[in-house]
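Quick note: the coordinates plus some simple rules give every number you see, no bench work behind them. Every value quoted in this text rests on a predicted model; they were computed, and no experiment measured them. We place every Cβ from the backbone using ideal geometry, glycine too, and count neighbours over all the protein chains shown.
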Number of protein chains: 2
Amino acid sequence: MGSSSAAPWKQLLLGSIQANSHLKHYSYFQLATVSSSSKPSNRTVVFRGFQDDGDKILINTDTRTRKIDDLKHCPFAEICWYFTDSWEQFRISGHVDVIDGTNPDPVKLQQREKSWFACSLKSRMQYTMPTPRISIHKLPSQTSSLDPSVGPIDAFCLLVLDPDQVDYLNLKSNERLVFTSGLSVSGERLWTSEQVNP
Amino acid sequence: MGSSSAAPWKQLLLGSIQANSHLKHYSYFQLATVSSSSKPSNRTVVFRGFQDDGDKILINTDTRTRKIDDLKHCPFAEICWYFTDSWEQFRISGHVDVIDGTNPDPVKLQQREKSWFACSLKSRMQYTMPTPRISIHKLPSQTSSLDPSVGPIDAFCLLVLDPDQVDYLNLKSNERLVFTSGLSVSGERLWTSEQVNP
């Protein structure tokens, strides 16, 4: 068992991203949450990078999707990120901060704005579309336009996942490593890692 | 909205499997469960086909993995199956039947045996390995052998997921269909489908 205050899994993950970046779907992973009826939910979302230079994972979503209700009920999620070319899996679990336009923290609102402008105009247009999962027959025909200089619209929501455990599996080498976050005696976050049976 | 007693999503899924079958990972999907601490879990598993000629989805697993504890706590799961070549996602949720060697139902034990013999010998060997997620340093060095004619060993477990909702998303055509299972007035299972906003 090894220990370190920096997140030792991050370098491993950056290596996998690099090794698979020639594939369009390399940045897609599955995000599991627990619904208000206490059942599991699972959907594909897009990796939007790490927050600043830290370990927290950014995901953009629509405030009108069910995952927001899920996360208000249970603020934890597990990412399952399988890299199809290198045969590596990262299971990343942690607390999720849901940052919509009503967030009272100005620093978080700035982060949300930064994520908005980091999106392509085409991606931003998605948030002007009618409510997801509403019957097509009930939709008014509508055309939307969006001023590129305008900040995030109400439907745009930033999710920030703060990992507390990362389970890494390499199907080529048949190796598995579990990284767990704890607190040092001085109250700092400390990561420990252990090689386990696959 | 349309309705039918046969599962209308199955033909769609078989088409996606066919269209992506040239990829090694086409049969991999992510299975979300809820842990005994009520948090979400998510991992990649392998599609092992449909049960008989029906709609139930087969997955093989090891009785010693945490997903078994999860499913004993909450017997529901959601599959997220993303097809990387055709850009299609199936979210399949339903009840999961956990069939290990202690199952009292002889028909289910037969299904488990059938799934065991459908595995390659190499796949079967995985179940003779030491307990998953146990520290490598605590493992005894061991060599295993397995008689190809011998039936399922204790660690082998069959999961049978009985879908009650399927959410289909096509990222190329930007179409989304939600299939929901209900009961007809005569008590038969009835699937309804609805085209919804992506």
(message) If you fit an axis through the alpha-carbon atoms of helix B:8-20 and take the longest principal axis of the Cα set of chain B, what angle between them do you get, 0 to 90°, nearest 10?
(response) 60
(message) A 18 angstrom limit on the alpha carbon distance is what I want to check against. Which of B:10/B:108; A:39/B:10; A:122/B:172; B:10/B:114; B:56/B:108 exceed it?
(response) B:10/B:108; A:39/B:10; B:10/B:114
(request) Please list, in chain and number order, the residues 5+ apart from residue B:164 or on another chain whose amide H is under 5 Å from its amide H, with Hs placed from the backbone. (result) B:93, B:94, B:95
(message) Under the rule a/c < 1.5 gives rounded, and otherwise a/b versus b/c splits prolate from oblate, where does the protein assembly as shown land using the Cα gyration tensor?
(response) oblate
(message) Taking amide H atoms as placed 1.01 Å from N in the peptide plane, list the residues 5 or more away in sequence, or in a different chain, whose amide H sits under 5 Å from that of residue B:133.
(response) A:197
(message) Using the Cα centre of the range B:103-198 as origin and beta-carbon charges of +1 (Lys, Arg) and -1 (Asp, Glu), tell me which of B:119, B:129, B:109 is placed farthest towards the positive end of the dipole.
(response) B:129
(request) Identify which of B:16, B:115, B:145 has the largest mean-square fluctuation in a Gaussian network model of chain B, with springs joining Cα atoms closer than 10 Å. (result) B:145
(message) Along the charge dipole of the range A:12-75, pointing to its positive end and built from +1/-1 on Cβ of Lys, Arg, Asp and Glu, which listed residue (A:27, A:54, A:73) has its Cα farthest out?
(response) A:73
(message) Checking the cross-link filter: which aspartates and glutamates have an alpha carbon closer than 17 Å to that of residue B:24, excluding same-chain neighbours under 8 positions apart?
(response) A:85, A:88, B:85, B:88
(request) Tell me the distances, shortest first, between residue A:117 and the same position across the other copies, using label points 7 Å along Cα→Cβ, in nm to one decimal. (result) 6.6
(request) Report the charge-dipole magnitude of the range A:69-162 in Debye, nearest 20, computed about the Cα centre from +1 at each Lys and Arg Cβ and -1 at each Asp and Glu Cβ. (result) 340
(message) Whole-Hz ³J(HN,Hα) for each residue in the range B:47-63, computed from phi via Karplus 6.51 cos²θ - 1.76 cosθ + 1.60 with θ = phi - 60°, x for glycine and proline: what do you get?
(response) 5, 10, x, 9, 6, 6, 9, x, 9, 6, 9, 9, 9, 9, 8, 9, 4
(request) For residue B:84, enumerate residues with amide H under 5 Å from its amide H, sequence gap 5+ or separate chain, H modeled in the peptide plane. (result) none
(message) Under 10 Å, Cα contacts only: if you run a Gaussian network model on chain B, which one of B:107, B:34, B:178 comes out with the highest mean-square fluctuation?
(response) B:107
(message) I need the inter-copy label distances for residue A:146: point set 7 Å along Cα to C-beta, values in nm with one decimal, smallest first.
(response) 5.0
(request) For chain A, find the longest principal axis of its Cα atoms and tell me its angle to the long axis of helix A:106-118, 0 to 90°, nearest 10. (result) 80
(message) How much of the DSSP bridge set in the protein assembly as shown is antiparallel, in percent, rounded to the nearest 5?
(response) 100
(request) In debye, nearest 20, what is the charge dipole magnitude of chain A about its Cα centre with +1 on Lys and Arg Cβ and -1 on Asp and Glu Cβ, if you could check? (result) 720
(request) List the distances, in nm and shortest first, from the label point of residue B:95 to the matching label points in every other copy, placing each point 7 Å from Cα along the Cα-to-Cβ direction. (result) 3.6
(request) Would you mind working out the magnitude of the charge dipole of the protein assembly as shown relative to its Cα centre, with +1 at each Lys and Arg C-beta and -1 at each Asp and Glu C-beta, to the nearest 20 Debye? (result) 300
(request) Kindly provide the helix-only [θ] at 222 nm of the protein assembly as shown, computed as the sum of -39,500 (n - 2.57) over DSSP H runs of four or more divided by all residues, to the nearest 500 deg cm²/dmol? (result) -5500 deg cm²/dmol
(request) Report, ordered by chain and residue number, the aspartates and glutamates lying within cross-link reach of residue A:72, taken as a straight Cα distance under 15 Å and ignoring same-chain residues fewer than 8 apart. (result) A:62, A:97, A:100
